[in-house]
Structure formats: structure tokens, C-alpha cells
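**Q** Attaching a single structure in C-alpha cells format; questions to follow.
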Amino acid sequence: MSTSIAALRALIEQRFPDATPLTGGAHTTEQVATGIAALDKILPNGGLPRGRLSVWAPQGGATAILRATCYSIVLGGERSAWIDGDNTVAGAFWNNAGGLYLVRPKSRIHALRAAEELLRSGGFSLLVLAGTEPQGTEIVRLTRSAREGGAALVNIGTSASMASVRLTSKLLRYSWRRTPFGDPAEAQNVTVRVHARSVGWNAHTDFPIPVTHHELRLSLESELADRRGLPRGSGR
Amino acid sequence: MLRIAADYGFDDAHAGVAMTPVAAEVAATQSTASLVVVKLGQDAPFIAPYPLAVLSPPEHLAALVNGLGIETCGAFAALDAEAIEVRLGIDGVRLWRRARADDERWLFRIPLRSLPSASLEWVEYGLKDPERLLFVINSLAGTVCTSLVNRGERAREMALVFSLGNRTQRTHLIRSSRPSAEQKRWMRLVREALDTLTLPDAVMGVTLRVESVTGNVGPQGDLFDRGFASAPAVEDAVIQLTDDQGDVIVEPVNSEHPLLELRTTWAGRGVRAGMNAQRAQIPRYARDDKKGARDDRRIARDEKPALTLQLLPSPKVVTVDTQPRRDHEVPVRYMENNEWHDIVEAAGPDRVSGGQWNAEYSREYFRCVREDGMMVWLFHGSQQQTTDWFLHGWWD
């Protein structure tokens, strides 16, 4: 057995003379902790890899977790960026944190350009590309930019080509507050199952996250004009 | 000043100090003392005993005044302004005002500020090739930017002036999101400007002129902060992005509008982005302002993940099957992109109406959980006078 390992090592050294062998416990890359203990435990090396591309299948809590990760990074004194390729971020739920940059590009190409530009700057720990699916050489360019800038690049999409870590998540069970009639009134929590896959790595975890509802401003009297939110002095 | 003049060998230098240039001039030139200080408000009495010649009147005026028998400044100043104007004209009035120590001239003129510029002209031929034009402008930009760097300034705006073959000039202003003295940045902006510019004739000369500048100052950063080292790089990237794509780095400005899609307007962070980056440089422990503390509390709250609503840019019409639930109908499945999604739970309706005085709306919102776990936001109601069902967003 030991002979075959030695032979294999010799062969690798011959084929890849510049390669440096990793010794016990060494990590291939630094990682960006998500700040969610349960999730960090199932990620290879305890976080999203810096300088690499990770892909997270859309929906099922991906936005919630990655946005929390962005805020966690900002709280740690670093920067993160969110590229909202399909312009679905609702302003009412976005926190203007100083080190968190929200980019709302006009088109898919603009989104990719913005991602490349910000990744190359080297000033970001995490860049989330949402709503835009890079293809073919675009992925190559983005991964190269991520490697140059040392940022963890997460694409919320389905194309797992060149991805170092592949993540999927699913919303499992909601806990509801119910009306006196037993109808669902408000979802309070939901259990998320996150599955992380990488080369030689397959793990999953479940954890609950709360559900945020927007502040409903209901009209109490249908006959009355609802002028809330309108500037004073407008109308009659 | 007298000491300095003496050091340079001017031993008979005289100086006069007064509130008006004319009094100071007379004090310096007519007195025998090396330094004469005219007391505050005594400029006119000081000049009064001196002959009118000290005011250097024009020759024709000097002869006229002499003919009238007026010898001193005081005697001339005592005359009536109207009489002077009628008899001696505007030159007489000017002399009369100086004789009264009424002098509006500046003691020291503020020098006109010259901003860097460079130009090149040629007469033998006209340039029509944009690449050659860029080559020339690149050279001019090098000169201008070097000059800016030497002066410790950064340009905010430059003017590109083309002298054309039809003897006209075309000026194009180029503005950078952030003041800069970098040739590379200005050339990128010039290149973009040339891409969209159409000139009516061949170019016979180009001038690149700085229009406005700012000082080369920057805030003090914290060397121990993790974001400090990369702040300039981020700022550069943000500026480049803003220059290329406009205000795409945004932050929401929320109102209290009942309709969520109308509640937010997006404001560009373009210029402020740099400031925010600098704010990110400030370590948390060093932030003592209330707003900073409030920001941190809010970020700490958002650090924990929560499902939030994602909005479609505009509500999308969907086909919905409903079933009755007491006094209302609830959706049980909907079709999007030719695919039916079964709904297992539906909370609602949340009724929103208003806009009677402008665009009237009335909606019944449902928060529906699909069989795959996704929670979607459907509404039914009058959207542009229709009673369709719409998919407005989802929780993610």
C-alpha cells in the first residue's frame, strides 16, 4: 500500500512539478463564514470559499441566507456586494449598510460587467450574483476575476459549471399563527434544508428561519380615499 | 518689507500704510520718512495738503485745474461733484474721487487662477480618424494630468474643444464622478465621449482644458481596519462602474405608500459610495455617533436570516383556480409559464385599496405556500381596470 502511495506521489511530482502537496488539515482556500453556525458546519472548510465560485440553486431561502451572510461580513468590517440582476430586491427589506453595495444593473450584460469589475477590485469578501445566469466563457471570466480579487463569488442560479461548492435549499415546514377559524393568518417560521456538495463532500442541515412580512397598510373604509403615503398638499 | 528691501540693497525704500491705495501711494512716495502709517479714517485729510500732481492727473486735466487756480488735493476735493462733472467730464470726476481718498482699487489684485490646459493644432490636413484623434488627445491628457499632479489637484470636469475645418469650434464637456488626475481615467471618459460624438467636419486642432478642480485631500483612514487597504480600489471600481453604467449602485428610499411596489425609489450611491466605503473603514469600536450605533443594531438584526419578500418588477398575470372559504375565494393552484403550482396553504385576503384621487386600486392579497415550499404573493383585483389574478412576488 505504502509502495503504491509513494509511486503515486512520484508520478504526481513528475507530472506536476510545481504542485505543492497539502499536509494534514491544511485548507485549500480561505473561506467566508456565513455567520450561521449550522450552515458553516456543513460547508467544506466552514464557509464559502474565497476566490472560488459557489452556486446556489435559486429560491428556497437562498436569498435570505446569503443576504444575512452579506450583513455578517459588513459587521465584521469587510465589504460585500449584491448584484440584483432581475431587479427583484424589495427596497422595504433592504438595509443600507455602509459596506454592502446593492447593484441594480440595466441588463444581463451590465450585471456581468459589474460583477467582474467589483470582483477584480479586490475589496470585497463576498459578491452575490442574483438573477443573472453566466454562461460558458462568462463563467470562466467571473471565476478568474474572483480568484484575482480573492472574493467568494456566489451565483444564485442553476448552472453548476466550474462551481467549487454547489448548494441547494428547500423550504420544508412553516409554522403558522392561525385565525380563530383555523385559517392560516401569518407564517412565523420556516425550516430550511440546505444541501452542500463539493468534490468528496456531501452534507446537509436543517434550521429554522423567521418569515418577515411587509407592513400591510390596509384600507379600513372602502368609501374613504386612502391618501396615506401621498405628499401633503397634493390632491384636494 | 522694508527690511527685506534693505537686505536686497534698496536702502531708500519707502512704505505707506493706509486703508485706500491712493493714500498709501501718497504716503509712500511723498513723505520723507521710510514708513508712514495713515490712521484709520484719516485718508482724505492726509492727502488734502499735498499738491494735486501727486494724484497723477491726465495732462489736459492738470492744465485745466491749474488754470482754475486749484493747487491742492483738499481744494479740489472741496468742490461740488456736479460742477466737476459739468466742467471736467468723467476724468475730472475720477480725479475728484481720488482727491477725496475715495479709491475702490484693490491694493493687491487677486491673481486670476489658471487651470491646466493643453492644445495642438495642425493646418496641413484634417483629422477624421478617431484613433488618430485619440492618440493626440492622449498626449494632451498626459500633459494636463501631469500638471494637475504637480499642482496637487484633481480635475472634476474637463472641456474637449475641437477646432474644425469649417472654422468653427465644438466644445464637449467631460465630467468624472470623482475628481481625478489620472490620465487613464480621463482617457476612458474621452473614449466614451468620442463614441457618441458626431463632428460636422474634419478636426484641425484639439484643446483639452480643465474646467474645475478640487484639492488633493483625503480623509485619514485607520491602518488597522480590515477594509482600509482595499478602500481606494473599491472606490475606483465603484467610480468606474458609475461612469460606465450610471447610477447602478443604489440604495432604497422608502415612503409609506400602501402599495409595496410604489413604496421605494432607488437613489444612486455613486458619489456617496466613496464616502460609505470610508465609513466602512472606520472600525466599529471607534464609531461613537448615534447613527453608527443605530446602523450596527439594524445590521445585527439583519445578520440573522429571514425570509423576505422579493418583488417582480411588475405584477405578472397568472391563471388561478380558487375555491370558496367562508365569505371569500382562496387560490388553490395557479399557472405560471405553462406550469401549474398547487397551493397548500393560503393566508389572506389582505385588502388594500386607495388612490381614488389619482390611479384607483383595490387588491386582495394572498400569501400562498406552494407544494414545493415556496411562499408566493398573489393578488386579485383591479389592476388597470382588470380583475385578473397577478403574481406579485415570493418569499426567499
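The values are calculated or read from the model by the stated rules, or taken from the named source; none is laboratory data. The structure presented is a predicted model; accordingly, all values stated were derived computationally and were not measured. Virtual Cβ from ideal backbone geometry, glycine too; neighbours counted across all protein chains shown.
**Q** List pairs: first residue in the stretch B:17-42 and in the same structural domain as B:Cys73 (by TED's automatic domain parsing) and closer than 19 Å to B:Trp96 by Cα, second residue of a type in the set (D, E, K, R) and exposed (fewer than 14 other Cβ atoms within 10 Å of the Cβ) anywhere in the structure, Cβ distance under 7 angstrom, at least six positions apart or on different chains.
**A** B:Pro21/B:Arg105
**Q** Can you tell me which residue within the stretch A:68-99, out of those that are charged (D, E, K, R) and within 25 Å of B:Ala231 (Cα to Cα), is farthest from the chain's Cα centre (by Cα)? Step through it out loud before you land on a result.
**A** Within the stretch A:68-99, the subset charged (D, E, K, R) is A:78-79, A:84, A:86.
So of that shortlist, the ones also within 25 Å of B:Ala231 (Cα to Cα) come out as A:78-79, A:84.
On the way: A:Glu78: 16, A:Arg79: 14, A:Asp84: 12 Å.
Out of the qualifying residues, it is A:Glu78.
**Q** Among the residues of the stretch B:36-57, write down those that are at negative phi and out of contact with any helix residue (DSSP H, G or I) (no Cβ under 6 Å at 6 or more places or on another chain).
**A** So the first thing to find is which residues in the stretch B:36-57 are at negative phi, and the list is B:36-40, B:42-55, B:57.
Passing the criteria: B:Val37, B:Lys39, B:Leu40, B:Gln42, B:Ala44, B:Pro45, B:Pro49, B:Pro51, B:Ala53.
**Q** Taking the stretch A:49-67 as the search range and keeping residues that are aliphatic (A, V, I, L, M) and more than 14 Å from every other protein chain (Cβ to nearest Cβ), which one is nearest to the chain's Cα centre (by Cα)?
**A** In the first step, residues of the stretch A:49-67 are kept if they are aliphatic (A, V, I, L, M); the result is A:53, A:55, A:57, A:62, A:64-66.
Now drop any that are not more than 14 Å from every other protein chain (Cβ to nearest Cβ), which leaves A:53, A:55.
Values: A:Leu53: 11, A:Val55: 8 Å.
Restricting to residues being aliphatic (A, V, I, L, M) and more than 14 Å from every other protein chain (Cβ to nearest Cβ), the top hit is A:Val55.
**Q** Considering only the stretch A:148-167, I want to know if a residue exists there that is within 11 Å of chain B (Cβ to nearest Cβ), under 28 Å from A:Ala90 (Cα atoms) and assigned to a loop (DSSP other than H, G, I, E, B).
**A** Within the stretch A:148-167, one or more residues are within 11 Å of chain B (Cβ to nearest Cβ), under 28 Å from A:Ala90 (Cα atoms) and assigned to a loop (DSSP other than H, G, I, E, B).
This table checks each residue for (1) closer than 19 Å to A:Leu167 by Cβ; (2) not polar (S, T, N, Q).
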| site | (1), (2) |
| --- | --- |
| A:Ala68 | yes, yes |
| A:Glu78 | no, yes |
| A:Asn95 | no, no |
| A:Leu100 | no, yes |
| A:Phe124 | no, yes |
| A:Gln135 | no, no |
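**Q** May I ask you to say which residue of B:Ala101, B:Ala81, B:Ala155 is closer than 30 Å to B:Leu52 by Cβ, of a type in the set (A, V, I, L, M) and without any contact (Cβ under 8 Å) to a residue 60 or more places away in the chain?
**A** B:Ala81
**Q** Just checking, how many residues over the stretch A:199-236 are more than 10 Å from every other protein chain (Cβ to nearest Cβ), crowded, with 16+ Cβ neighbours inside 10 Å and at pLDDT below 90?
**A** Summing the residues that are more than 10 Å from every other protein chain (Cβ to nearest Cβ), crowded, with 16+ Cβ neighbours inside 10 Å and at pLDDT below 90 in the stretch A:199-236 gives 0.
**Q** Now, a different point. Output yes when any residue across the stretch B:249-259 is at the interface with another protein chain (Cβ under 7 Å from one of its Cβ atoms), within 27 Å of B:Cys145 (Cβ to Cβ) and at pLDDT 85 or above, and no when none is.
**A** Yes: one or more hits.
**Q** Here's something else I'd like to know. Could you name every one of the strands (runs of 3 or more DSSP E) located completely within the stretch B:335-394 that has at least 1 residues being over 47 Å from the mean Cα position of the chain (by Cα)?
**A** In the stretch B:335-394, the matching strands (runs of 3 or more DSSP E) lie at B:339-354, B:361-370.
**Q** Examine the stretch B:162-176 for a residue that is touching a residue at least 60 places away in the same chain (Cβ under 8 Å), outside any helix (DSSP H, G or I) and within 21 Å of the chain's Cα centre (by Cα), and state whether such a residue exists. Spell out the reasoning first.
**A** We begin by selecting, within the stretch B:162-176, every residue touching a residue at least 60 places away in the same chain (Cβ under 8 Å); these are B:176.
Right, trim to outside any helix (DSSP H, G or I) and you get B:176.
From what's left, within 21 Å of the chain's Cα centre (by Cα): B:176.
Yes: one or more hits.
**Q** Next up: Looking only at the stretch B:357-378, how many residues end up being in contact with a Phe, Trp or Tyr (Cβ under 9 Å, 6 or more places away or on another chain) and aromatic (Phe, Trp, Tyr)?
**A** The total comes to 3.
**Q** Can you tell me which residue within the stretch B:356-375, out of those that are more than 7 Å from chain A (Cβ to nearest Cβ) and among the small types (Gly, Ala, Ser), is surrounded by the most Cβ atoms within 10 Å (Cβ to Cβ)?
**A** That would be B:Ser362.
**Q** Being of a type in the set (A, V, I, L, M), farther than 19 Å from B:Ala77 by Cβ and touching a His at 6+ places or on another chain (Cβ under 8 Å) is true for just one of B:Ala33, B:Ala13. Which residue is that? Explain how you work it out, then say what you get.
**A** Values: B:Ala13 fails: touching a His at 6+ places or on another chain (Cβ under 8 Å).
Answer to the selection: B:Ala33.
**Q** Here is a further query. Just to be sure I understand, how many residues within the stretch A:38-47 are assigned to a helix (DSSP H, G or I), of a type in the set (A, V, I, L, M) and either crowded, with 20+ Cβ neighbours inside 10 Å or under 12 Å from the mean Cα position of the chain (by Cα) (or both)?
**A** The first filter runs over the stretch A:38-47 and keeps only residues assigned to a helix (DSSP H, G or I), leaving A:38-42, A:44-46.
Those still in the list that are of a type in the set (A, V, I, L, M) too: A:38-39, A:42.
Okay, now just the ones that are also either crowded, with 20+ Cβ neighbours inside 10 Å or under 12 Å from the mean Cα position of the chain (by Cα) (or both), so A:39.
Number of matching residues: 1.
**Q** Of A:Leu100, A:Leu48, A:Leu8, A:Leu75, which residue is at pLDDT 80 or above and under 20 Å from A:Val192 (Cβ atoms)?
**A** A:Leu48
**Q** Now for a separate question. If you scan the stretch B:160-187, which residues turn out to be within 24 Å of B:Asp247 (Cβ to Cβ) and surrounded by fewer than 16 Cβ atoms within 10 Å (Cβ to Cβ)?
**A** Result: B:His172, B:Leu173, B:Arg175, B:Lys184.
**Q** Specify the residue that is farthest from A:Gly122 (Cα to Cα); the eligible residues are those in the stretch A:78-100 that are in contact with a helix residue (DSSP H, G or I) (Cβ under 7 Å, 6 or more places away or on another chain) and within 7 Å of chain B (Cβ to nearest Cβ). Steps first, answer last, please.
**A** Filtering the stretch A:78-100 for residues in contact with a helix residue (DSSP H, G or I) (Cβ under 7 Å, 6 or more places away or on another chain) gives A:79-83, A:85, A:90, A:92, A:95, A:97-100.
Those still in the list that are within 7 Å of chain B (Cβ to nearest Cβ) too: A:79, A:90, A:92, A:95, A:97-99.
Values: A:Arg79: 10, A:Ala90: 28, A:Ala92: 30, A:Asn95: 23, A:Ala97: 19, A:Gly98: 17, A:Gly99: 14 Å.
Residue satisfying both the conditions and the ranking: A:Ala92.
**Q** Identify, by number, the condition in (1) of a type in the set (Gly, Ala, Ser); (2) within 16 Å of the chain's Cα centre (by Cα); (3) surrounded by fewer than 21 Cβ atoms within 10 Å (Cβ to Cβ); (4) over 18 Å from A:Leu43 (Cα atoms) that A:Gly136 doesn't meet.
**A** Failing condition for A:Gly136: (2).
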